[in-house]
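S.K.: A single structure is presented below for examination.
The values are calculated or read from the model by the stated rules, or taken from the named source; none is laboratory data. These figures come from a predicted structure and were not determined experimentally. Here the Cβ positions follow ideal geometry from the backbone for every residue, glycine too, while neighbour counts run over all protein chains shown.
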Amino acid sequence: MTSNAHAPAQHAPTVTSHWWWRPGWGPGRRGYAWHINVGLEPLHDHATAYQRAISHLPQLDLIPLEWLHLTVQGVGFVDETSDEDVAAIVEATRRRLADVTPIRLTFDRPIQRPEALAIHPTPAEPLVEVRTMLRDAIAEVWGPDKVEGSADGFQPHVSLAYVNAPGPSDEIVASIDQVTAEPVELVVDTVSLIELFRDGHLYRWDTVHKVTLGAT
């Protein structure tokens, strides 16, 4: 399949705060989303090397290692989603991912995006394919018009820090350029349906279900 999944080729010249409320969100509200947050432990030392280099910058909020994640697909707000629909979406997802093999990814140097410092793993295409299957599973239960976001333009990434104030990116880029770190390879074999909340400049969650790639 073809997709627009290319990571940014260069750093954003300016940054802006990540902490604005997206439509429908507000303090205390929770939403369901599919994340990859299992199996990222091999990335921890790599992430720490870059986080140490930027720890002196007040315009960045470092993400604790336990909350590193790769967001794949939003589902819907918890207060608008029944337990029956959650179960149906999970079952539709299991069927679609039953024949998908675990994904080997390489993480190298981070890129400064407009709202976050993030690492884009390669190859992106298998992650895009998994996202398409997740979207198809949601559409099976709710119809295609209720699937969040666009089918195109997905850029898989793991953020290391979120921006909390606007300004130029020069100081951030100069700091990470001082880091020497070997690329990290890891294997992803699980997607997690989470109940997500984002109060206090930090994304946290409770895991609701896990689906293993290739599990029959």
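S.K.: Tell me the residue from 108, 61, 83 that is farther than 30 Å from residue 178 by Cα, of a type outside the set (A, V, I, L, M, F, W, C) and either at pLDDT 95 or above or in contact with a His (Cβ under 8 Å, 6 or more places away or on another chain) (or both), please.
M.R.: Exactly one of 108, 61, 83 is farther than 30 Å from residue 178 by Cα, of a type outside the set (A, V, I, L, M, F, W, C) and either at pLDDT 95 or above or in contact with a His (Cβ under 8 Å, 6 or more places away or on another chain) (or both), namely 83.
S.K.: Among 34, 20, which is aromatic (Phe, Trp, Tyr) and buried (at least 18 other Cβ atoms within 10 Å of the Cβ)?
M.R.: 34
S.K.: When you check residue 110 against the structure, is it buried (at least 18 other Cβ atoms within 10 Å of the Cβ) and free of Cβ contacts under 8 Å to residues at least 60 places away in the same chain, yes or no?
M.R.: No; evaluated as a whole, the condition is false for this residue.
S.K.: Hey, among 140, 148, which residue is outside any loop (DSSP other than H, G, I, E, B) and of a type outside the set (Lys, Arg)?
M.R.: Residue meeting the stated conditions: 140.
S.K.: Taking the residues in segment 1-57 that are within 18 Å of the chain's Cα centre (by Cα), of a type in the set (Ser, Thr, Tyr) and within 29 Å of residue 90 (Cβ to Cβ) as candidates, determine which candidate is modelled with the highest pLDDT.
M.R.: Ranking the qualifying residues of segment 1-57, first place goes to 32.
S.K.: Tell me which of these residue 139 doesn't satisfy, since it passes every other one: (1) in contact with a helix residue (DSSP H, G or I) (Cβ under 8 Å, 6 or more places away or on another chain); (2) in contact (Cβ under 8 Å) with a residue 12 or more places away in the chain; (3) surrounded by 14 or more Cβ atoms within 10 Å (Cβ to Cβ).
M.R.: (2)
S.K.: For segment 42-62, which positions are touching a strand residue (DSSP E or B) at 6+ places or on another chain (Cβ under 6 Å) and closer than 29 Å to residue 189 by Cβ?
M.R.: 42, 43, 46, 47, 50, 51, 62
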